[in-house]
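Following: one structure in structure tokens, then a few remarks.
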Amino acid sequence: MATPKLSPDAFKHVKVNTAEQERIATPALTFSQDAMRRLKKNKAAIISLWILIIIAVISILSLWFSPSNPNKQNLNYANLPPKWPGVDLPGLNGYLNGQNKYAGMGKHVYFLLGTDYLGRDLLSRIMVGTRVSLFIGIVATFFDLTIGVVYGIVSGWRGGLTDTLMQRVIEIISSVPNLVVVILMLLVFKPGMTSIILAIAFTGWVTMARLIRAQTLQLKDQEFVLAARTLGESSVKIAFKHLVPNLSSIIIIQTMFTIPTAIFFEAFLSYIGIGLPAPTASLGTLLSDGQKNLQVLPYQLLYPAIVIVVLMLAFNLLADGLRDAFDPRSEH
Amino acid sequence: MTKILEVKDLQIDFATYAGPVHAIRDVSFDLNKGETLAIVGESGSGKSVTVRTVMGLLAPNAKITHGEVLFDGVDILKKSEKQLNDMRGNDVAMIFQDPMTSLDPTMTIGKQVAEPLILHNKISEADALKEAERVLKLVGIKDAGGRLKDYPHQFSGGQRQRIVIAIAIINHPQILLADEPTTALDVTIQAQIIHLLKEIQSKIDTSIIFITHDLGVVAGIADRVAVMYAGKIVEYGTVDEIFYNAQHPYTWGLLEAMPTLETKSDRLYAIPGTPPDLLDPPKGDAFAPRNPYAMAIDLEQQPPFFKISPTHSAATWLLAPGAPKVELPPEIARRHALWASKHPDEKVVN
Amino acid sequence: MAKYILKRIGFLLLTLFLVASITFFLMKLLPGTPFNNPKIPADQLVILKKQYGLDKPVWMQYITYMVGIAHGDFGMSYQFPGQTVSGLIASRIGPSLQIGAQAMVVGTLAGIVLGAIAAIRKNTWVDATATIFAILGRSIPNFVFAALLQLFAYKTGAFPVALWGGFSYSILPTIALAIAPLAQTARFMRTEMVDVLSSDYIELARSKGESRWQVVAKHALRNSMIPIVTIIGPMAVDLMVGSLVVENIFAIPGIGEQFVKSITTNDYPVIMGLTILYSAMLTVIILIVDILYGFIDPRIRLSGEAN
């Protein structure tokens, strides 16, 4: 091996800065910052988030601006197909089975998504219905979450007999298919938005409670919680200071999974006819109305169906994205 | 001695989100028939990647950018997937680190041990199971015949590692790659497994590459040792040369960090600092930032190998002509003195 | 093991007893029976009430009901005078069980295949496509899917649009119901299989000289499929719930369609009977799944013996 010629200077001893070696080159990210960074990389989740924001904004704006009164009936305009002024494409030109359904009406009469069997503007009804469905989904999820988190923490934290009993209650509730429970509750309460929300919340919390309990059991044995207990902090304080922040990712993810489930339940109940009473529009009642004319006027089912599928899809994709972002195990 | 395996100028990058990680940087070594070579280094030094290259089992994001791996004179890096499958478990076999996770939990151990035999030979399942029983006896599983139908969880960690070894040796491979086979085990079991490997080596006449981060384990099994640091081999030699005449400051660090009966101090030595980020390896000697003997040249230029004996080389500028004589750590000085007393005719390099 | 099963059966019976009791008292809280109709003359109402035992105090009705259940007697239907609830259910359970079982088998098998392919071809377009299918399957409400399938049948005439009359009538409802378990299994299977494929024992199997496909066939599939057993329970719930609408849309004379009909006609005895039946089916399925899990996973099998 050829030995390179080196000047004596080359062999000067250098002192290495040990502090420099231990320095970590990349800035430290907190867990939630790291999660957000991962979430932002997930295109599907981010697009879903934007779609949800847009849908929410449009449905809220419909409180003040909607093409026409969603509950105004005009039997002269019943079952009109979609018509876009100036557009001559099949499905958008007001023709149905080769017949101009708008014939004899004024030029200013057009419905972008058509009308239903009572002549109500479908677009306006979809906007209002989406708002109602979102509202039910979010409010039901809020109650569901509150019950579930409290139940889960108490059960996991107290342990022992309390835990066993509380788990038995969960087992009994979950041994009846959840929708059957919802239906039974709706029979007892008066049908309406409040009872739907309560019924959905009453069955939905079980999943949340199970997740939270499992996580609480794990957290309970961790050093920082043990330390807080040894120092004599009260259980309630520990729950808020140490448990809830550490449970937050589970809560957020589960919330995103619960909202679409609640929207689905509402749609389901209205669809089988025990949901919201007429004339309230919701995605479920619209789908239910649309089903009646499915074979002749499929658009009456199709448009609300597209909205509910997009909503469910966006919530599910966002929830998936959040779960991947908050669960570093899935980082590859 | 015939060389069974020659690794030449191997370079491997791993594609990551942050860019290519240069995991293996110019690694060359060879393995003779029937000998045991230990590769020593801390985690991340590239030792596991090296043996997985020999197995043809690199992760999908690994890219071999340069080099050859000659097994019996044939470059395995050029082999097709089919040829590699024929080689794996037949000519070259591997023993894994964690016996608790390396056996299929849902398959009986008899079947798992017989699998390589059935895969590479024309043999009936019944005969293969008979052979599996024989090999399980060989590796020290009591009542092997009665336990063929048992599942992995019914065995202890040490027993499971014996089963993993049985799987590796059932086809009498020419090379046995042992990737930290004792790390996950209790100290007493470690000694048993080392003993077992030696015994098997003499019985089936195989060559072993033994990977470990624990220099202490090496003395009991290896003929030669290669020390790896940050994707490079920094020193290699016979066991005695590495243990008593080490020349690289990193090897010194490893030796000092190893508790021995002679250890005087009540504190264990730890090499300061952490290995470099191989996303962006340093220009000079990768060990320089942690090296108390670092010199100006270390920060500028990577040291070449300097030959100490026909079997012993080290890549450190301390061996360059004109380099200053340094004061050795006491433990190393003690070892060098022992070496000098056994080899009075050799010139002392440092 | 036998002791464990007995204990579980005991708890199952207790659960069903509680479900039956709660349902009973819930029904007693309900406003109005079909006999609250003002058109029914008072004297006839008395006869009707007597006929259904509604003239007795609630606690006696309860005891009568519970004793009846123990003998398989769920009372008489309000909607169909003279017909027992058990008889009604018995005459309608066939189509529901057939569609449910078909959907479960088709859904899980297709889900396993889809999930496995996605995992093997992880991070490729195959994976992406399979994932999109799975997410769509999860996002399309089954009644929307059922309605679209029906529209398809109507337009093409390839399948019967509705009603019940042999296997061909069960195809579309089966597909509509299978979509949920399919999506769930595919998702679950993909996660499991990705985990398994990166496990040490798969690397060891590769080191034996097995090809990628041999590793999947011999080790990865079995290990990833075992945990799927644990989601059979939740999927059964989805199927029961789904059957309520799917049977309704396709006008299939099953128990799901009957349940919805009974709700709209306030046929409380039938609602109660079906609620208890659904709970019984669910709890039995969960029990079977738990026992089954012990048999197919050798790790649990042993600990069962040890107990």
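The values are calculated or read from the model by the stated rules, or taken from the named source; none is laboratory data. Source: prediction; values computed, not measured. Cβ coordinates were reconstructed from backbone atoms using ideal geometry, including for glycine residues, and neighbour counts include every protein chain displayed.
Quick check: is even one residue across the stretch A:121-136 modelled with pLDDT of 85 or more, among the aliphatic types (A, V, I, L, M), over 30 Å from A:Leu61 (Cβ atoms) and in a helix (DSSP H, G or I)?
No, the conditions are met nowhere in the stretch A:121-136.
From the residues in the stretch B:53-105 that are buried (at least 16 other Cβ atoms within 10 Å of the Cβ) and among the charged types (D, E, K, R), which one is nearest to the chain's Cα centre (by Cα)?
Applying the filter and picking the extreme gives B:Asp98.
Listed here are the residues, each with its yes/no results for (1) closer than 30 Å to C:Ala186 by Cα; (2) of a type in the set (A, V, I, L, M).
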{"residue": "C:Asp55", "(1), (2)": "no, no"}
{"residue": "C:Gln61", "(1), (2)": "no, no"}
{"residue": "C:Gln79", "(1), (2)": "no, no"}
{"residue": "C:Thr84", "(1), (2)": "no, no"}
{"residue": "C:Ser91", "(1), (2)": "no, no"}
{"residue": "C:Gly94", "(1), (2)": "yes, no"}
{"residue": "C:Ile99", "(1), (2)": "yes, yes"}
{"residue": "C:Ala103", "(1), (2)": "yes, yes"}
{"residue": "C:Thr108", "(1), (2)": "yes, no"}
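For the stretch A:165-178, indicate whether the set of residues that are under 30 Å from A:Pro277 (Cβ atoms) and free of Cβ contacts under 8 Å to residues at least 12 places away in the same chain is non-empty.
Looking for residues that are under 30 Å from A:Pro277 (Cβ atoms) and free of Cβ contacts under 8 Å to residues at least 12 places away in the same chain, one finds at least one in the stretch A:165-178, hence yes.
Which ones in the stretch B:129-143 are free of Cβ contacts under 8 Å to residues at least 12 places away in the same chain and assigned to a helix (DSSP H, G or I)?
If the condition is that a residue be free of Cβ contacts under 8 Å to residues at least 12 places away in the same chain and assigned to a helix (DSSP H, G or I), then B:Lys130, B:Arg134, B:Lys137 are the ones that fit.
Here is a check on your reading of the model: is C:Met281 of a type outside the set (D, E, K, R) and under 21 Å from C:Gln61 (Cβ atoms)?
no
If you take just the helices (runs of 4 or more DSSP H) that sit entirely in the stretch A:229-303, which of them hold at least 1 residues that are among the acidic types (Asp, Glu) and within 30 Å of C:Pro160 (Cβ to Cβ)?
By residue number, A:283-292.
With respect to C:Arg92, is the statement that it is within 14 Å of chain A (Cβ to nearest Cβ), basic (Lys, Arg), surrounded by 13 or more Cβ atoms within 10 Å (Cβ to Cβ) and at negative phi true?
no
From the list C:Val161, C:Val126, C:Val113, C:Val144, exactly one residue is among the β-branched types (Val, Ile, Thr) and either within 21 Å of the chain's Cα centre (by Cα) or buried (at least 21 other Cβ atoms within 10 Å of the Cβ) (or both). Which is it?
C:Val144
For the stretch B:93-106, give me each residue that is more than 10 Å from B:Ile167 (Cβ to Cβ) and more than 7 Å from chain C (Cβ to nearest Cβ).
B:Gln97, B:Pro99, B:Met100
Taking B:Leu148, is it touching an Asp or Glu at 6+ places or on another chain (Cβ under 8 Å) and in the same structural domain as B:Ala93 (by TED's automatic domain parsing)?
Considered against the rule, which asks whether it is touching an Asp or Glu at 6+ places or on another chain (Cβ under 8 Å) and in the same structural domain as B:Ala93 (by TED's automatic domain parsing), B:Leu148 comes out as yes.
Here is a list of conditions, (1) assigned to a helix (DSSP H, G or I); (2) surrounded by fewer than 23 Cβ atoms within 10 Å (Cβ to Cβ); (3) in contact (Cβ under 8 Å) with a residue 60 or more places away in the chain, and C:Gly233 meets all of them except one; can you say which number that is?
With (1) assigned to a helix (DSSP H, G or I); (2) surrounded by fewer than 23 Cβ atoms within 10 Å (Cβ to Cβ); (3) in contact (Cβ under 8 Å) with a residue 60 or more places away in the chain applied to C:Gly233, the lone miss is (3).
Is it fair to say C:Lys261 is at pLDDT below 90, more than 16 Å from the chain's Cα centre (by Cα) and more than 7 Å from every other protein chain (Cβ to nearest Cβ)?
Here the answer is yes, as C:Lys261 does meet what is asked.
Going by the structure shown, is C:Ile132 more than 24 Å from C:Ala236 (Cβ to Cβ), assigned to a helix (DSSP H, G or I), of a type in the set (Val, Ile, Thr) and within 13 Å of chain A (Cβ to nearest Cβ)?
For C:Ile132, the condition - more than 24 Å from C:Ala236 (Cβ to Cβ), assigned to a helix (DSSP H, G or I), of a type in the set (Val, Ile, Thr) and within 13 Å of chain A (Cβ to nearest Cβ) - is met.
Looking only at the stretch C:245-259, count how many residues are assigned to a helix (DSSP H, G or I) and within 16 Å of C:Ser91 (Cα to Cα).
Residues meeting the conditions: 6.
Take the conditions in contact (Cβ under 8 Å) with a residue 24 or more places away in the chain, in contact with a helix residue (DSSP H, G or I) (Cβ under 7 Å, 6 or more places away or on another chain) and either surrounded by fewer than 16 Cβ atoms within 10 Å (Cβ to Cβ) or of a type in the set (Ser, Thr, Tyr) (or both) and apply them to C:Ser262. Does it pass?
yes
Assuming B:Ile167 fulfils every condition listed in (1) within 14 Å of chain C (Cβ to nearest Cβ); (2) more than 29 Å from the chain's Cα centre (by Cα) apart from one, which condition is it?
With respect to (1) within 14 Å of chain C (Cβ to nearest Cβ); (2) more than 29 Å from the chain's Cα centre (by Cα), B:Ile167 is out only on (2).
B:Lys283 passes all but one of (1) in contact with a Leu (Cβ under 9 Å, 6 or more places away or on another chain); (2) assigned to a loop (DSSP other than H, G, I, E, B); (3) in the same structural domain as B:Glu331 (by TED's automatic domain parsing); (4) in contact (Cβ under 8 Å) with a residue 24 or more places away in the chain; which number fails?
(4)
Somewhere in the stretch B:35-44, is a residue at pLDDT below 90 and in a strand (DSSP E or B)?
no
For A:Ile253, indicate whether it is away from chain C (no Cβ under 14 Å), within 26 Å of C:Pro269 (Cα to Cα) and in contact (Cβ under 8 Å) with a residue 12 or more places away in the chain.
The answer is no for A:Ile253.
Across the stretch B:112-128, which residue is farthest from the other protein chains (Cβ to nearest Cβ) among those that are surrounded by fewer than 24 Cβ atoms within 10 Å (Cβ to Cβ) and touching a residue at least 24 places away in the same chain (Cβ under 8 Å)?
Looking at the filtered set, the residue picked out is B:Asn121.
Please count how many residues of the stretch C:164-190 are in contact (Cβ under 8 Å) with a residue 24 or more places away in the chain and surrounded by fewer than 16 Cβ atoms within 10 Å (Cβ to Cβ).
0
Return the residue satisfying two criteria in turn: it lies in the stretch B:167-212 and is part of a loop (DSSP other than H, G, I, E, B) and at pLDDT 90 or above, and of such residues it is surrounded by the fewest Cβ atoms within 10 Å (Cβ to Cβ).
Here the answer is B:His172.
With C:Ile47, C:Ile9 as the choices, which residue is among the β-branched types (Val, Ile, Thr), modelled with pLDDT of 85 or more and farther than 26 Å from A:Pro191 by Cα?
So the residue among C:Ile47, C:Ile9 that is among the β-branched types (Val, Ile, Thr), modelled with pLDDT of 85 or more and farther than 26 Å from A:Pro191 by Cα is C:Ile9.
C:Leu172 passes all but one of (1) of a type in the set (A, V, I, L, M); (2) in contact with a Phe, Trp or Tyr (Cβ under 7 Å, 6 or more places away or on another chain); (3) closer than 30 Å to C:Leu30 by Cα; which number fails?
(3)
All but one of (1) away from chain C (no Cβ under 14 Å); (2) acidic (Asp, Glu); (3) within 27 Å of B:Thr274 (Cα to Cα) hold for B:Glu180; which doesn't?
(1)
Would you mind telling me which numbered condition in (1) closer than 30 Å to B:Leu10 by Cβ; (2) out of contact with any Gly (no Cβ under 9 Å at 6 or more places or on another chain); (3) of a type outside the set (Lys, Arg) B:Ser124 fails?
Condition (1) is where B:Ser124 drops out.
Give the residues of the stretch B:295-311 that are surrounded by fewer than 22 Cβ atoms within 10 Å (Cβ to Cβ), assigned to a helix (DSSP H, G or I) and either of a type in the set (Val, Ile, Thr) or more than 7 Å from chain A (Cβ to nearest Cβ) (or both), sorted by residue number.
B:Glu300
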